[in-house]
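First, the structure itself, so that you have it in front of you.
The values are calculated or read from the model by the stated rules, or taken from the named source; none is laboratory data. The shown structure was predicted, so the numbers you read here are calculated from the model rather than taken from an experiment. Every residue, glycine as well, gets a Cβ built from its backbone with ideal geometry; the counts of neighbours run over all protein chains shown.
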Amino acid sequence: MNLFSNLEKYKKDIDNLIKEGERLLSILKSNRSLSQFRKEYEIWYSESLSLVKIVLPNRVKDFEKYYYQKGEECLRKYMSYQGYLSDFIISETEAIEVIKVLFENQLGIVKAAKRRFESSLFEIRQLVQADLFDSELDAARELNKKGFIRGAGAIAGVVLEKHLAQVCSNHSIKITKKNPSINYLNQLLKDNDIIEIQTWRFIQHLADLRNLCDHNKKREPTKEEIEELINGVEKITKSIF
């Protein structure tokens, strides 16, 4: 299992905890007996606490105190409802109302953990992709030095396509073409005000250099042109996100 599939599994686990938390909350909101909530909550709490410790460690104490905090209102205290608490008598409905508030706070922490995880997942994806692009561009440079000019340009072009497609995804720009070209992606970014005219023209120029490698059979691209293409692609991958 690779890095991304592992991360996706953890994300799925978080989603399941939130879904289960919402279900438990619905039990409270329907004012059913505490017995069903109490039994299932203990499992949810243990799994969620393990998650919060990993993803959002600065909220662990808050998460735990909603469950148990000596001398304070807490879930453990109200879930032990037997018709009375301490020196005052309350109804089960009143106990459920207090539990509902405390549990919603815990569920809110789990949801915050999801947002933090998604942010981390995005950062990890960006870092891994950047490393892959660097490796591919290094390979293109090596090919260009050894005289495999069209192959080097083709690799650089693919890197540029992948990066522009990722930038579109980062900004929730819909790609309607099955095999979008550099110019198509470039135009989408310009039309959605992600890049300025100067950058748009620069990417157009890179696309022209790439086309020399893929389509133009009238002349061979030069090493200098492909070096310019590779350097230009590197600049775009490091400056546009």
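What are the pairs with Cβ atoms under 6 angstrom where one residue, in the stretch 156-169, is part of a helix (DSSP H, G or I) and the other, located anywhere, is among the acidic types (D, E)? Sequence gap at least six, or different chains.
Correct list of pairs: V159/E136.
Among the candidates R201, R116, which residue alone is touching a residue at least 60 places away in the same chain (Cβ under 8 Å) and either assigned to a helix (DSSP H, G or I) or over 24 Å from the mean Cα position of the chain (by Cα) (or both)? Don't jump to the end; show me each part of the working.
Details: R201 fails: touching a residue at least 60 places away in the same chain (Cβ under 8 Å).
Being touching a residue at least 60 places away in the same chain (Cβ under 8 Å) and either assigned to a helix (DSSP H, G or I) or over 24 Å from the mean Cα position of the chain (by Cα) (or both) holds for just one of R201, R116, which is R116.
Right, something else. Among residues belonging to the stretch 16-40 that are of a type in the set (K, R), part of a helix (DSSP H, G or I) and at pLDDT below 85, point out the one that is surrounded by the most Cβ atoms within 10 Å (Cβ to Cβ). Don't jump to the end; show me each part of the working.
Step one: of the stretch 16-40, the residues of a type in the set (K, R) are 19, 23, 29, 32, 38-39.
Subsequent filtering for residues that are part of a helix (DSSP H, G or I) retains 19, 23, 29, 38-39.
Then drop every residue that is not at pLDDT below 85, which leaves 29, 38-39.
Numbers: K29: 11, R38: 16, K39: 9.
Taking the candidates together, the pick is R38.
Also: Just to be sure before I move on: is I109 hydrophobic (A, V, I, L, M, F, W, C), under 21 Å from D15 (Cβ atoms) and either surrounded by 14 or more Cβ atoms within 10 Å (Cβ to Cβ) or modelled with pLDDT of 80 or more (or both) in the structure I sent? Full working, then the answer.
Details: hydrophobic (A, V, I, L, M, F, W, C): yes; under 21 Å from D15 (Cβ atoms): yes; either surrounded by 14 or more Cβ atoms within 10 Å (Cβ to Cβ) or modelled with pLDDT of 80 or more (or both): yes.
Judged against the criteria, I109 is a match.
Another question, if that's okay. Run down I182, I149, I155, I195 and say which single residue is under 17 Å from G232 (Cβ atoms), of a type in the set (V, I, T), buried (at least 16 other Cβ atoms within 10 Å of the Cβ) and touching a Pro at 6+ places or on another chain (Cβ under 7 Å). Give the derivation first.
On the way: I182 fails: touching a Pro at 6+ places or on another chain (Cβ under 7 Å); I155 fails: touching a Pro at 6+ places or on another chain (Cβ under 7 Å); I195 fails: touching a Pro at 6+ places or on another chain (Cβ under 7 Å).
Being under 17 Å from G232 (Cβ atoms), of a type in the set (V, I, T), buried (at least 16 other Cβ atoms within 10 Å of the Cβ) and touching a Pro at 6+ places or on another chain (Cβ under 7 Å) holds for just one of I182, I149, I155, I195, which is I149.
Let me ask another. Return yes or no: is S80 at pLDDT below 85 and surrounded by 11 or more Cβ atoms within 10 Å (Cβ to Cβ)?
On the way: at pLDDT below 85: yes; surrounded by 11 or more Cβ atoms within 10 Å (Cβ to Cβ): yes.
Criteria met by S80.
Would a scan of the stretch 158-177 turn up a residue that is exposed (fewer than 13 other Cβ atoms within 10 Å of the Cβ), at pLDDT 90 or above and either of a type in the set (S, T, Y) or closer than 30 Å to E64 by Cα (or both)?
yes
Now for a different question. Scan Y67, Y45 and give me the residue that is farther than 15 Å from E92 by Cα, touching a residue at least 60 places away in the same chain (Cβ under 8 Å) and among the aromatic types (F, W, Y). Spell out the reasoning first.
Numbers: Y67 fails: touching a residue at least 60 places away in the same chain (Cβ under 8 Å).
Checking each option against the conditions leaves just Y45.
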